[in-house]
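Where a number appears in this text, it was derived from the coordinates with a stated rule and is not lab data. Here the structure is a predicted model, which means the values were calculated and not measured. Here the Cβ positions follow ideal geometry from the backbone for every residue, glycine too, while neighbour counts run over all protein chains shown.
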Amino acid sequence: MSKAFMKTTMTSTVHVLSLTAAGLGLLGGLAGCRGDREDKPPRQFFPDMDDAPKWKPQSKSEFFVDGRTMRQPVPGTVPFSSVPISATTLANKPEWAAPFLEASEEYLRADKAYYEGVGEDGAYLDVMPASVKVDKALLLRGQDRFNIYCAVCHGKLGDGKGMVGQQWSYAVPSFHDPKYTDVKQNQGKDGYLFHTARNGVPAAVAGQAAKMPGYAHALSVKDSWAVIAYIRALQETEKGTAADIPTAEREALEQKRVKPAPKAPP
């Protein structure tokens, strides 16, 4: 094999490798064009795929006479579902339909007492609506949500001595203040506490920051009522006595009580 042939072969190999590396580098650069962090829009190599004509739900359209993008079903359209849903079926409230019924009620919000904490006259409810089932599960849920969102200011006992509350520029309200149990005042009504938990307390002077933010973004309607139920439970703890505890449980607690150390002899 001649030296000239070997030299030619090596030169060709180098050229091929160089071209391959350049091609891969170019492809890598093109692929990276879409991920650049800059103010300019990314390069579009397939604009028809990026900018395909489409109409978003609830958007406006000048094409149709009624100006709406979404179209009404044509006459004779029959509802279809993998599960047969009818007014009669839903009226029986089967277990599988619970999420759908809850979503429908949440959307309609027809029950002002449940969703707003007010009666038909717009006044705050004295007590939570009958549709709220107060049981152990609700109280435990209320305790969980209260400790997450409320205790940091109001304290785990509801006494206004949370870690943040004690450092605040003014005294954070204590739920054990008599006005929060007196239904003759707004502050003592369940509806008021519900409204406050969801919407907060406005500033005393217009233009200033709210005294307390609302927590509707974090608390569902059901969770808000759970928190109110737990606040009422906290208030009851301040009123209770040992006589309120069932005898068997009271005796068990007495046995667990740490006995005081005997006094040292004189």
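If the only charges are +1 at each Lys and Arg Cβ and -1 at each Asp and Glu Cβ, what is the size of the charge dipole of region 65-136 around the Cα centre, to the nearest 20 debye?
360 debye
5 Å is the cut-off here: which amide hydrogens, built 1.01 Å from N in the peptide plane, fall below it relative to Asp177, excluding neighbours closer than 5 in sequence?
It is none; the list stays empty.
Got the relative contact order for the chain handy, in percent, Cα pairs under 8 Å and 6 or more residues apart?
Once normalised by length, the contact order is 12 percent.
Please name which of Gly240, Leu24, Val65 has its Cα lying farthest along the dipole of the chain towards the positive end, using unit charges on Cβ (Lys, Arg +1; Asp, Glu -1) and the Cα centre as origin.
Going by the Cα projections, it comes out as Leu24.
Semi-axes of the equivalent ellipsoid for the chain, please: Cα gyration tensor eigenvalues, times 5, square-rooted, ordered largest first, whole Å.
62, 36, 23
Could you name the lysines in cross-link range of Lys133, using Cα to Cα under 18 Å and dropping any fewer than eight places away on the same chain?
The qualifying lysines are Lys93, Lys112, Lys189, Lys222.
Using 0.36 nm per residue of separation minus the Cα-Cα distance, give me the extension gain between His217 and Arg250 in nm, one decimal.
Additional length available on full extension: 7.7 nm.
Assuming 0.36 nm per residue, please report the length gained on full extension of the stretch Asp50 to Leu157 beyond their Cα-Cα distance.
32.9 nm
What angle, in degrees between 0 and 90 and rounded to the nearest 10, separates the Cα long axis of helix 221-239 from the longest principal axis of the Cα atoms of the chain?
Between helix and principal axis, roughly 30 degrees.
Note down the magnitude of the dipole of region 112-251 about its Cα centre, charges +1 on Lys and Arg C-beta and -1 on Asp and Glu C-beta and zero elsewhere, to the nearest 20 debye.
Result for region 112-251 is approximately 340 debye, rounded to the nearest 20.
With charges only on Cβ, +1 for K and R and -1 for D and E, what is the dipole size of the chain about its Cα centre, in debye, rounded to 20?
In total the dipole reaches around 1020 debye.
For the chain, what does -39500 (n - 2.57) per DSSP helix run (n ≥ 4), summed and divided by total residues, give at 222 nm, in deg cm²/dmol to the nearest 500?
-13000 deg cm²/dmol
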